Amino acid sequence: MRAVLVGEPGTVKVADVPEPRLLDPLDAVVQVTAAAICGADLFPLHGMTPGFDNATVLGHEFVGTVAEVGASVLGLRAGQRVVCSSTVSDGTCGHCRASRPAQCERRSLFGYSGVYPRLDGGQAELVRVPMADRCLLPLPDMMGDEQALFLADILPTGFAAVRNSGADLSDAQGTGCRSAAGPRPGHRVRGRSPLRARLQAGRWPDVRARTHPPVQHR
């Protein structure tokens, strides 16, 4: 099949790679119909991801149709349209039970290797999805592929950032970049980023923005 890989420094290429297959009863294989490019794809592109294997298929935002499911997959069937979460989590570790699946002890990120266990991504014709019942969300017929792509990473990331900020309904939030919706008359917009240049790029008239240092993780 054809897939997108990192090529020479600063470039990508489309190459022939083996088709994925089920490796675990909880796996599914998805035929990709749409995929997006994330800023996180730029790190391996520019050689900034330690240990990255350039044979890793890129992409962690994708929509498609279920082609095959493992014997232990309960909630999916071949032919369903689905969107995939950008990360894999097992649902059983302490972080998952505390509603922090992005910190799962067995987490992987589609399209990454080196800093995570290698997991080929969705900028390809087919992709293997581990823990498919957790990662794949069936889509209604009324939702198009482009709409569904926002559910893979962009929309839930922004939603979680706003929810965790403690904002109320009178606030419009810009989380790290210019807000997609824009400010409404009479409403405040708060932009937050450790990078002043990023705040300047997303500034509107009357927007109150401030820099603050990166979070120090313990």
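Only the coordinates and a few stated rules stand behind these numbers; no lab work does. Note that this is a predicted model, so its numbers are computed, not measured. Here Cβ is always computed from backbone atoms with ideal geometry, including for glycine, and neighbour counts include all displayed protein chains.
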What FRET efficiency comes out for the pair Arg97/Glu125, r = Cβ-Cβ distance, R0 = 30 Å, nearest 0.05? 0.25
Cα→Cβ-extended label distance, 7 Å offset, between Glu105 and Thr65, nm: 4.0 nm
Output ordering of 120-133, 21-34, 140-153, 50-63 (per-residue mean of other Cβ within 10 Å, highest first) is 120-133, 50-63, 21-34, 140-153
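Give the order of Ser86, Ser113, Ser99 when sorted by the count of other beta carbons within 10 angstrom, beginning with the fewest.
Values: Ser86 25, Ser113 21, Ser99 6.
Listed from fewest to most nearby Cβ atoms, that is Ser99, Ser113, Ser86.
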Karplus-derived 3J(HN,Hα), 6.51/-1.76/1.60, for each residue of the stretch 46-52, Hz, glycine and proline x: 9, x, 9, 10, x, x, 5
May I ask you to derive the FRET efficiency for Asp24 and His46 from their Cβ-Cβ distance with R0 = 30 Å, giving the value to the nearest 0.05? 0.40
With label points set 7 Å from each Cα along the Cα-to-Cβ direction at Glu146 and Ala78, the distance between them in nm comes to 3.2 nm
Pulled fully out, how much extra length does the chain show between Val115 and Asn54, if you take 0.36 nm times their separation in residues and subtract their Cα-Cα distance? 20.6 nm
Return the sequence-ordered ³J(HN,Hα) values of the stretch 69-74 in whole Hz as given by the Karplus equation 6.51 cos²θ - 1.76 cosθ + 1.60 applied to θ = phi - 60°, using x for Gly and Pro. 10, x, 5, 9, 6, 9
